[in-house]
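Everything on this sheet refers to the single structure shown next.
The values are calculated or read from the model by the stated rules, or taken from the named source; none is laboratory data. Computed from a predicted model, the values in this text were never measured in an experiment. Reconstructed Cβ throughout: ideal geometry from the backbone, glycine too, with neighbour counts over all protein chains shown.
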Amino acid sequence: MRTLKKIAVVAEDYALQTPAQQLVDRFLIGYPADGAFHRPKDCEITIYLRDSADNRELDQRSREFGLRRASDLAAALLDADGVMIFGKGAAINPDSALLRETIQRARPGSACFVYGALSSTLEAAKQLAGLAEKQRVPLMAGTSLPFTWRLPSGDLALGTRLKEALIVIQGLPLKAELDGLDGLLPLIARRRGGESGIRQLQSFKGSALWRAGDERVWSWKLLASALSRSNSPQGDPVKDGRTQDLAGLGLVPKLARDPRGWVLEHHDGLKSTILVLDGVVADYNFALEARDGTITSAQIYRPPAPAQHEFSQLAEGIEDFFRTAKTRWPTEASILTAGLLEVFGKTSPQEHEVAQTPELKIAFQTPR
């Protein structure tokens, strides 16, 4: 493992309850890991804030914890062993120009973690990945979801013959979809043969989404299994604490606000579904069906604010990446995510749309 002497943070802005704050604090102050409180020893943390020279939160961390401020990008990146890059506010990815300049200026061998998506377009993601390879900068993009706990704990066994997958999420367009992809793709990439790429996708909105379930375009059975893992069912359980079979009683369409869904058809025959169901539950849950009929389901646990301790899990994963220069998943996974986000963003507001995606035949294997 490499010695970690300096981490550079490149951020478009910095505020409380943002990923930048959550991760900077963990590397600066420490975080719980493996039953102890951990902080990288003798590691300097330097931040370059692009959009504001004055920031009270950063000033406090400089006084109390020794955070260093860099006046320009080059100074922040100088001799850095690892680099973290954050976009602005709720953006799903950092500014492409800033990310490109960061990769170009990073010293060869310094590992670079991009919070969120690598890009929101396929071509830009390919270019950034190619630049990182040329500069010999190991590159990984993602959120906390692949790293956080699952309830119950466990993972899909490597080499499972998988038939269908489904994840339930909530949120604004594209941000929710990124969460869905980050929650689901690392799971299903463990199936036999690995990821094969996306042949076609269908989008559904409103009542068309429920008709698609009735017509078996996606699986009500898997939705019921996923919802069974929720600890935040909405509706009557919120009023008086009762338990309630949301799927079995037909309550999902009544509770859902502006529902939308995406059904991805993979080249190897797998079907995976992302359902954005605000108002049904307030947590993320998935279900997987193997070809032998076995169903595996779990909640992707996101601890509550303000601590949001899934970022501790992410910090541990990033630190391991910085020390080993080994990514948790291939860069092709981030390229596929960017390509899917581009297709999601281009779909029309119609109830149902089908998109052929020959450009997304992007295959990769999960590292063993």
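Quick one: is residue 225 hydroxyl-bearing (Ser, Thr, Tyr), part of a helix (DSSP H, G or I) and either modelled with pLDDT under 95 or under 23 Å from residue 154 (Cα atoms) (or both)? Can you show your working first?
On the way: hydroxyl-bearing (Ser, Thr, Tyr): yes; part of a helix (DSSP H, G or I): yes; either modelled with pLDDT under 95 or under 23 Å from residue 154 (Cα atoms) (or both): yes.
Here the answer is yes, as residue 225 does meet what is asked.
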Quiz item: Of the residues 348, 334, which is among the polar types (S, T, N, Q) and free of Cβ contacts under 8 Å to residues at least 40 places away in the same chain?
Solution: 348
Exercise. Taking residue 246 as the residue in question, decide whether it is aliphatic (A, V, I, L, M), farther than 29 Å from residue 120 by Cβ and crowded, with 20+ Cβ neighbours inside 10 Å.
Key: yes
Quiz prompt | Positions within region 5-46 being in contact with a Lys or Arg (Cβ under 6 Å, 6 or more places away or on another chain) and either closer than 22 Å to residue 99 by Cα or part of a strand (DSSP E or B) (or both), in sequence order | solution = 12, 13, 44, 46
Quiz item: Of the numbered conditions (1) more than 30 Å from residue 179 (Cα to Cα); (2) touching a Ser or Thr at 6+ places or on another chain (Cβ under 7 Å), residue 72 satisfies every one except a single condition; which is it?
Solution: (2)
Quiz item: Which members of region 295-323 meet the condition of being within 26 Å of residue 43 (Cβ to Cβ), in contact (Cβ under 8 Å) with a residue 12 or more places away in the chain and of a type in the set (D, E, K, R)?
Solution: 310, 316, 319, 323
Practice problem: Would you point out the residue of region 289-304, among those that are of a type outside the set (D, E, K, R) and within 18 Å of the chain's Cα centre (by Cα), that is farthest from residue 152 (Cα to Cα)? | Solution: 304
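The rows are residues; the columns are (1) part of a helix (DSSP H, G or I); (2) buried (at least 19 other Cβ atoms within 10 Å of the Cβ).
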| residue | (1), (2) |
| --- | --- |
| 329 | no, yes |
| 335 | yes, yes |
| 338 | yes, yes |
| 341 | yes, yes |
| 345 | yes, no |
| 350 | no, no |
| 355 | no, no |
| 362 | no, yes |
Quiz item: Just a yes or no: is a residue in region 81-96 over 27 Å from the mean Cα position of the chain (by Cα) and in a strand (DSSP E or B)?
Solution: no
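Farther than 19 Å from residue 93 by Cβ and either among the aromatic types (Phe, Trp, Tyr) or within 21 Å of the chain's Cα centre (by Cα) (or both): which single residue out of 2, 39, 26 fits that description?
26 is the lone residue from the list that is farther than 19 Å from residue 93 by Cβ and either among the aromatic types (Phe, Trp, Tyr) or within 21 Å of the chain's Cα centre (by Cα) (or both).
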